[in-house]
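The structure appears right after this line, and notes come after that.
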Ligand SMILES: Nc1nc2c(c(=O)[nH]1)N(C=O)[C@@H](CNc1ccc(C(=O)N[C@@H](CCC(=O)O)C(=O)O)cc1)CN2
Ligand SMILES: Nc1ncnc2c1ncn2[C@@H]1O[C@H](COP(=O)(O)OP(=O)(O)OP(=O)(O)O)[C@@H](O)[C@H]1O
């Protein structure tokens, strides 16, 4: 029998959750079906578009992600931003609810950070990003997004906002991850723009 804290709220099986799950699986299926060649070329285009469109000040803290599965490979963009003076950081899973961002120093060792992810080691500085390049499973024309379903990013963004920080949020995806409409939930924080292989699109 599960301990009380392991019992999921009834809301977990709400129609909205079910619909998000379906949209997530379909979008990830389309992403998985892209060829390696397509993903590499699209990731290079994403880097070009991102470097042309994003202004970062020297010392600005930018969070990215280290690719898992069939995700966009952000490394060309991240290292371009680093050359312009950005400080980079990557998410590290701390527990079932929490990710923190540790500084990524190019050339420094990476460690296994669980769940198939790699990240900076424990002695790396913990940073609060002012620009977040957000991974996602699916997005819509309004800038609403669906993640992997753990709520890590929604919570990390809420945590920064509680501290009075208001990071710029840019979603990173391939065009094929777009869906008609992401169902709204009160905790979802919309993106201000999405960067794909066809360019940077601003919302609102
Ligand atoms: N590259 C990258 N890093 C990232 C994220 C991301 O989306 N992309 N995250 C964005 O939030 C966080 C990690 N989120 C994750 C959420 C679920 C699973 C996952 O594989 N879950 C398994 C079950 C894991 C297990 O119990 O062993 C699954 O869904 O099958 C992995 C990472 C932080 N780092
Ligand atoms: N700010 C928050 N505070 C507390 N719980 C949250 C918050 N944001 C999300 N959650 C919880 O996390 C769970 C997953 O959320 P959701 O389905 O939106 O995941 P997701 O879109 O895949 O998110 P992410 O990409 O942020 O991991 C939900 O049960 C939700 O209640």
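Below is a table of values for the structure above.
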quantity	calculated
Residues located in segment 107-152, provided they are more than 11 Å from ligand 1 (Cβ to nearest atom), surrounded by fewer than 18 Cβ atoms within 10 Å (Cβ to Cβ) and under 16 Å from residue 92 (Cα atoms)	108, 109, 110, 111, 112, 121, 122, 123, 125, 126, 128
In segment 124-155, residue nearest to residue 186 (Cα to Cα) [restricted to those that are away from ligand 2 (no atom under 13 Å from the Cβ), free of Cβ contacts under 8 Å to residues at least 60 places away in the same chain and assigned to a loop (DSSP other than H, G, I, E, B)]	125
Segment 162-202, residues that are touching a residue at least 12 places away in the same chain (Cβ under 8 Å), out of contact with any strand residue (DSSP E or B) (no Cβ under 6 Å at 6 or more places or on another chain) and farther than 25 Å from residue 38 by Cβ	163, 165, 181, 183, 184, 185, 187, 188, 189, 190
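Yes/no per residue for (1) within 16 Å of ligand 2 (Cβ to nearest atom); (2) within 26 Å of residue 16 (Cβ to Cβ); (3) outside any loop (DSSP other than H, G, I, E, B):
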| position | (1), (2), (3) |
| --- | --- |
| 122 | no, no, no |
| 157 | yes, yes, yes |
| 188 | yes, yes, no |
| 191 | yes, yes, no |
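Here, each number is a calculation from the coordinates, and none is a lab measurement. For clarity, every value in this text was computed on a predicted model and none was experimentally measured. With ideal geometry, Cβ positions are generated from the backbone for all residues, glycine too; neighbour counts draw on all protein chains shown.
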